[in-house]
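Everything below concerns the one structure shown next.
Coordinate-derived values only; no laboratory data. The structure presented is a predicted model; accordingly, all values stated were derived computationally and were not measured. Don't worry about glycine lacking a Cβ; one is built from the backbone with ideal geometry, like all the others, and counts go over all protein chains shown.
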Amino acid sequence: MFWQQEMETLDRPALDALQLKRLRETVHRLERVPFYQRKFLETGLKPEEIKSAADMPRLPFTTAADLRENYPDGLLAVSRQEVLRLHTSSGTTGKPKALFFSRRDVDTAAELIARAFCMTGVTRRDVFQNMMSYGLFTGGLVMHYGAEKVGCMVIPSGPGTSERQLLLMQDFGTTVIHVTPSYAFYFADFLEKKGIVPRKSLALRKAFVGAEPYTEETRRKIEAALGIDVYNSYGLTEMNGPGVAFECEGKCGMHVWEDNFVLEIVNPATGEPVSEGQPGEMVLTSINREAMPLLRYRTRDLTSVIPGPCACGRTHRRIQRISGRSDDMLIVRGVNIFPQQIERVLMSIPQIGRNYLIQLEGLDEMTVKVELSPESFDGQVGHLTELQNLVAEKLRAELWVRPKVDLVASGSLPVTEGKAKRVIDKRSL
Amino acid sequence: MNTVKLVAVFAENRPGQAARITGILARVDINIRCITVASSGTYGVMKLLVNDPDLACRALNQEGVAATLVDVIAVEMADKAGALHSVAECLASHNINLANTTGFVVNGRAIVVIEVQEPVQAGDLLTKQGFHVLTQKETLTV
């Protein structure tokens, strides 16, 4: 089923032409943004000079650092009056990344989600329970607006409180959910302990699972545990949030909406494009955003383009599930975390040292080991517990995820330069 | 001023920690007279009554072990029913709270080692009430 059949099955030459047109318009729009003005001066490239996708490498990259340095509104391409909504990434000690939406942007984002819903067979007769965090996180509102566009009954449950999630499903006949892979497992486990067989007692039939990468095996496990179809969903705050790429009923890769995003795969070290089908870092250019389009944004997500047509008939190319990151960012419970954030928080607490170790295990259990500074030890067990709680709470405020904190002896953690030794990731997603 | 110093040591709650700490102390000839360990989850605090608390603390700190001195009062009482009760009552009537506490009887002498908010005050008070509050030196010849 198609939401916008003509656009979704547009023949390749027409799609390429549309991309080019929108790319030129976007570059033109970006000439108003001082940051991009400077970048264009450096390369000396004018919008009219962009003749095809092959000219993309002549345009400058945009990185996460650029967004942080230009926080709060240095990359805004319209006046503040035209901004309808703001979403940001997490983080309070470092600068977060802000993304602005105009009224049209909010609607366009919703249209892309609507495409995804229809693509997987969801209709206005479905009941959609959004089990992702609302608030500044795009997974909440962006998916919500898309579901409303399709006409589903939308239940904005947010995450957690499995008891209440179940009650909503039972009372309102939820058929489709949006959830992280780790929470999907917790919920399946919760149902099993209650002796509830989803296939028999619930109306659930589909789940959009995303916000963190997971394997094909994990998909199958969730499908078996909940008795539903699971579809992979990819997005990032900088490109609206969810809805950048989505699986169709074939479950054979995620279609990237190429009328909205120019897709490139580059070598993460050199920035040069890789040959068709080769793995590399995905670079995205938003060509249908008004308030804050981004040119050649380095996503740091590693994937490859799946060559060849898709049986569903859509001409927008597919990408593989994300295989990893080209930086040291972690995703825990759907939230992006940089080890440097943890380091900054620890530096602000004098009773502990700067060394730390992050241990990830199970589905989403995160433990941060920190060293007690000998000078601050006063012999009281109670004070140690308070310190541990203080560290956990400060980390939660910064990361939006509360880790377990272990106090260890000074000098017992590995002293290391690279991230490789700071994080031990034994998760089974 | 009859307060006694205990050595408080931070240790992770895993095998080998007690061995490591006692090893450091043995190497500098420290004799442990009394030991308590309070553990909480992944770590614990050891409190030791030793023959030379300053030396013990230095030796541990030098090895990177978090150790500090804690002031307590060591009170002697008769080895009979009701003795501890009189000490407790005395402290209660002056609104003094017993925090961490260890008690033992050795060579017919009953000693209770108490952590309180104001050890000097508490010590003076108990002395006035006729209790024998030990000096550091006296704890070593119990």
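Under the rule a/c < 1.5 gives rounded, and otherwise a/b versus b/c splits prolate from oblate, where does region B:4-69 land using the Cα gyration tensor?
prolate
So, with +1 on the Cβ of K and R and -1 on the Cβ of D and E, and no other charges, what is the size of the charge dipole of the protein assembly as shown about its Cα centre, to the nearest 20 debye?
Its charge dipole is roughly 860 debye.
Starting from the Cα gyration tensor of region A:1-92, take the square roots of the eigenvalues, sort them a ≥ b ≥ c, and report rounded, prolate or oblate (rounded when a/c is under 1.5, otherwise prolate if a/b is larger than b/c, else oblate).
oblate
Which percent, to the nearest 5, of DSSP beta bridges fully inside the protein assembly as shown are antiparallel?
Expressed as a percentage, antiparallel bridges in the protein assembly as shown total about 75.
Students often get this wrong: which residues of region A:145-178 have the backbone nitrogen under 16 Å from the point 7 angstrom along Cα-to-C-beta of A:Lys200?
none
Roughly how large, in nm² to one decimal, is the mean projection of the convex hull of the alpha-carbon atoms in region A:103-169?
Result: 4.5 nm².
Once you charge only the Cβ atoms, +1 for Lys and Arg and -1 for Asp and Glu, what is the size of the charge dipole of region A:5-327 about its Cα centre, to the nearest 20 debye?
With only Lys, Arg, Asp and Glu charged at Cβ, the dipole is about 440 debye.
Work out how much length A:Glu393 to A:Tyr186 would gain on full extension: take 0.36 nm times their residue separation and subtract the Cα-Cα distance, in nm to one decimal.
Gain on stretching A:Glu393 to A:Tyr186: 72.2 nm.
Please label the shape of region B:95-135 as rounded, prolate or oblate, based on the square roots a ≥ b ≥ c of the eigenvalues of the alpha-carbon gyration tensor (a/c under 1.5 means rounded; beyond that, a/b larger than b/c means prolate, else oblate).
Note, shape of region B:95-135 comes out oblate.
Between B:Ala56, B:Gly123, B:Ile24, whose Cα lies farthest towards the positive end of the dipole of chain B when Lys and Arg beta carbons carry +1 and Asp and Glu beta carbons carry -1, centred on the Cα centre?
B:Ile24
For region B:58-131, state which trypsin sites (Lys or Arg not before Pro) are in a DSSP loop and have at most 10 other beta carbons lying within 10 Å of their beta carbon.
Sites meeting the loop and neighbour criteria: B:Lys80.
Where Rh denotes the Kirkwood radius from the mean inverse Cα pair distance, what is Rg over Rh for region B:24-141?
Reported Rg/Rh (Cα atoms, Kirkwood Rh): 0.99.
Average the reciprocal distances over every distinct pair of alpha-carbons in region B:71-139, invert the result, and give the Kirkwood radius in Å.
One decimal place: 12.0 Å for the Kirkwood radius.
Ignore the peptide's own chain and count Cβ atoms of other chains within 10 Å of each Cβ in B:35-42; give me the average, rounded.
That works out to 3 on average.
Report the normalised scattering of region A:335-425 as log10 I(q)/I(0) at q = 0.12 Å⁻¹, calculated by the Debye formula with identical scatterers on the alpha carbons.
-0.34
Quick one: if you stick a label point 7 Å off each Cα along the C-beta vector at A:Ile424 and A:Gln37, how many nm between them?
Output for this residue pair reads 5.3 nm.
From the helices alone, meaning DSSP H stretches of at least four residues, give me the mean residue ellipticity at 222 nm for chain A, per-run term -39500 (n - 2.57), in deg cm²/dmol to the nearest 500.
-9500 deg cm²/dmol
For region A:5-327, what relative contact order do you get, as a whole percent, if you take Cα pairs closer than 8 Å and at least 6 residues apart?
Result for region A:5-327 is 18 percent.
Which Cα, out of A:Val335, A:Leu360, A:Leu407, lies furthest along the positive dipole direction of region A:335-425 (beta carbon charges, K/R +1, D/E -1)?
Value computed over the given set: A:Val335.
Name the residue, out of A:Gly74, A:Gly146, A:Gly253, whose mean-square fluctuation peaks in a Gaussian network model built on chain A with Cα pairs under 10 Å.
A:Gly74
In Å, what Kirkwood hydrodynamic radius results for region A:5-327 from the alpha-carbon pair distances?
20.4
Any idea how far apart B:Val106 and B:Val120 come out in nm if each label point goes 7 Å out from Cα toward Cβ?
Reported label-point gap for B:Val106 and B:Val120 is 2.8 nm.
Pop a pseudo-label 7 angstrom from the Cα along the beta-carbon direction at both A:Arg12 and A:Arg354 and give the gap in nm to one decimal.
Label at A:Arg12, label at A:Arg354, 5.3 nm between them.
Please report Rg (one decimal) and Dmax (integer) in Å for the Cα set of the protein assembly as shown.
31.7, 102
Label 7 Å along Cα→Cβ of A:Leu168; region A:205-221 residues with amide nitrogen under 19 Å?
Inside the label zone: A:205-212.
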